[in-house]
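Novice: Got a structure for you, written out below as structure tokens; questions coming shortly.
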Amino acid sequence: MPAAKFRGRIVRLCQKELKETLRDRRTIITLVMMPLLVYPLLSMALNRFLLSSGGPADQGYSIGVISEGEAAYLTNLLEDPNSQPPDEVVQASGGTIANFRVVGTGDLTPRQALEENQIDLAVEITLPSEGDDDKRQRFRLTAYEGDAASEAARRILIERLEWLRLREAESFAANESGYTPRVKIEVESVGEVKSSPMLATVIPLVLVLMTITGAVYPAIDLTAGERERGTMEALMASPVPRSYVLFAKYIAVVTVALLTAIANLLAMFSTLYFAQLLPMLTGQPSFPWLTVLQILGLLVLFSGFFSALLLSLTSFAKSFKEAQTYLIPVMLLSLTPGMLSLMPGVELKGPLAIAPLINIVLLARDLLAGTVTPTSAVAAVLSTIAYAAAALSIAAKLFGSDAVLRTSEQSFASMLRRPESPSAVPSMSAALMMLALLVPIYFVVSNSLMQWLQSHRESLSVSSQLLLNAAALIATFGFVPLITAWLGRHVYRTTFRLSMPTPTTLIGCFLMGIGAWAIAHEAFVIADAAGIGGLSQERIEQTMKVLGAWKQVPPWLLVATLALTPAVIEELCFRGFLFSALSKSLSPMRVIVITSVVFGLFHVLTGNALLIERFVPSTLLGLMLGWIAYRSGSVIPGMLMHLTHNGLLELVGRYHEYFSFLGSDLEDQTHLPWQWIVVASGIAIAGAGMVWWSTRREPQVRSLSGD
């Protein structure tokens, strides 16, 4: 089908589904009325709670000073009418004024008494001596970080002292006499770092739950609702592929979910801004546009994930009521991980970085608090994309196999059954499912292995560490595609593209592997100059330690674990399973680019580190390997090229001190000598020419069929 005709049908279907969805009054109520009504009421309730809740202020805050004399002095200062807030401020705060009880701390210093929880606030008063130029009295206020009463006492005392200075300054202006401020305020904190504000956790949770609410009704109405009304049969009988219909419904649900998310986001932040509660959340008086846009991006991502999940669930239902029965437990289960994010000490790392729903809530919380960790953020985003792809693939399978029948017998258990007949290559949905499984499994395995190796590094030899890394690679990139192929009953030879290439192709790939390392090195240098990645001094020192440790390992083990294993396992995954699945629906160029980018992204997210510097050279290597896979129709030539490239790099790293005779010091020079680049590029081009010449007969047919 021509691309223009394809786009035209998709656009018309999306317009139809959106018009029908937005025409419904219940959708408009969820989309517009709830944000306009709910958030102003919530902000008024919150504002009233903050103003009227006395807490420790009703009983009085305890302030500790070093001596009884200082206690009497500070008490008199606080009882001075000039230090009292105006009547209008008192009335606005609920008619109460915080009480202070100033005591001497005896044998302990005020800071020690604060750390032992005997007082709420420690104050050190330093009076000026006769020879000091600065005649102000210095008040050092120390609060316990994270303690609400201690921080409130410090804030209120600062306000009292500021009122005192303001009124004395006004008196100076009226009397036209010389004036020097009486006090100088210094602020300190002790204790642990304060956790994120409660609003920074509550707001992302509310936004996510409201986004879920906005997607529920359209998902039910466009699937189970149409079945119940009897309009699904007519729609599916039209001369339009079922995948088009599902995609249009998915776009409609995502659009409504996004509009709901945008409406709730703007309503919440605008309400907080005009209610003057936003500084409590962000610490700045201006409207946080950048933070709002970042959270909106997360809600876009989450909307895509949850819309696909809802469509996959409602595809089982034969009626609106049955779909509601399925989704009510899902809504209740969604509250559990969301409420978990409210607990203190819960951080976005480890398994929580890939846990559905909670990773988005925690990431949004960290964005508001300004404590985002790049590695965990990337893991949360990639895992959510993978989950969305998996849910959409399930919805496509259910919708395509049983969308017309109102008396569907499809069940969750049927999703786990293997097909009765084998298929030559996986489908697009199978590829999405494989990636959805691979992302969280790889993240958990790599992080767990990294932590275990760090705790047992002294007792493990370098050889054992290399073998464990190779085993982890096999367990993730090897077994996940293999199990997916077994469950889908896909033929292994065509799925993993195991046909034998010609000897000329193998020789050409070997030459490409010899010359590719110099091209990859220059790509890394150029990317570093452009600000993409780059090695810090710490990373360079770690790399040199690794190179030194490699000298203790036999060369064959180094090549087997760091060159042969990645070459075989990664090629079977990316240029085998993934390449053959995508080739059924996409053009060769798109398949090469997509598999290369995915290949590069997996090399960036390694363990608990985000190795940005590996993206450009890994993606470039993936483009070469993808071209080889397309031209040869086999995964084996790419394995040889990958093995040669990695093996050469590992051996050069182990024996780098023996290469000084070539006239270059690799540790001190950024770019390679131009002679090296010319020779290496010439070898790689010669190898590519041999691959092209030996595969010049219909490479597209071999690439698509796997034969």
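Novice: Apply 1/(1 + (r/R0)^6) to the Cβ-Cβ distance of PHE479 and TYR73, taking R0 = 60 Å, and write down the FRET efficiency to the nearest 0.05. Kindly include the intermediate steps, with their values, before the conclusion.
Specialist: On the way: r = 74 Å, r/R0 = 1.23.
For R0 = 60 Å, the calculated efficiency reads 0.20.
Novice: Please arrange TYR655, TYR61 by accessible surface area, largest first, computed with a 1.4 Å probe and ligands excluded. Don't skip to the end; give the middle numbers.
Specialist: Values: TYR655 70, TYR61 10 Å².
Most to least solvent-accessible, the answer reads TYR655, TYR61.
Novice: Output wanted: per-residue J couplings in Hz (rounded whole) for the stretch 101-106, from phi through Karplus 6.51 cos²θ - 1.76 cosθ + 1.60, θ = phi - 60°, x for Gly and Pro.
Specialist: Running phi through 6.51 cos²θ - 1.76 cosθ + 1.60 with θ = phi - 60° gives 10, 9, 9, x, 8, x Hz.
Novice: In the structure displayed, which of LYS397/LYS584; LYS318/LYS397; LYS249/LYS584; LYS249/LYS318; LYS318/LYS584; LYS321/LYS397 lie more than 27 Å apart, Cα to Cα? Don't skip to the answer; put the middle values down first.
Specialist: Working: LYS397/LYS584 16 Å; LYS318/LYS397 16 Å; LYS249/LYS584 23 Å; LYS249/LYS318 17 Å; LYS318/LYS584 32 Å; LYS321/LYS397 22 Å.
Beyond 27 Å between Cα atoms: LYS318/LYS584.
Novice: Quote the accessible area belonging to SER448 in square angstrom, nearest 10, computed with a 1.4 Å probe and with ligands, DNA and RNA left uncounted.
Specialist: It works out to around 60 Å².
Novice: Quick one: ranking LYS349, LYS249 by accessible area, 1.4 Å probe, largest first, what do you get?
Specialist: On the way: LYS349 120, LYS249 0 Å².
Largest accessible area first, the residues go LYS349, LYS249.
Novice: Something else now. Label-point separation (nm) for GLN451 and TRP674, each offset 7 Å from Cα along Cα-to-Cβ?
Specialist: Simple spin-label model gives 5.2 nm for this pair.
Novice: Here's a follow-up. Near the amide H of LYS184, under 5 Å away, which other amide H atoms are found, from residues 5 or more places off or on another chain, if H is placed in the peptide plane?
Specialist: GLN137, ARG138, PHE139
Novice: Hey, can you grab everything whose amide H is under 5 Å from the amide H of HIS490? Only 5+ residues off in sequence or another chain; H modelled, so Pro and N-termini drop out.
Specialist: The list, which skips near neighbours in sequence, is SER423.
Novice: Additional query: So how do VAL559, VAL691 rank on accessible area, 1.4 Å probe, biggest first, that is with the largest at the start?
Specialist: VAL559, VAL691
Novice: Determine how large the accessible area of SER67 is when every protein chain is in place; take a 1.4 Å probe and give Å² rounded to the nearest 10.
Specialist: For SER67, the solvent-accessible surface is approximately 50 Å².
Novice: Compute, for LEU357, the solvent-accessible surface of its heavy atoms (probe 1.4 Å) with the complete set of protein chains present, and express it in square angstrom to the nearest 10.
Specialist: Taking all protein chains as shown, LEU357 has close to 10 Å².
The values are calculated or read from the model by the stated rules, or taken from the named source; none is laboratory data. Keep in mind that this is a model prediction, so the values were computed, not measured. Neighbour counts run over all protein chains shown; Cβ positions are idealised from the backbone, glycine included. For the accessible areas, the whole protein counts, side chains as well, though only heavy atoms, and no ligand, DNA or RNA atoms are used. Shrake-Rupley method; radii C 1.70, N 1.55, O 1.52, S 1.80 Å.
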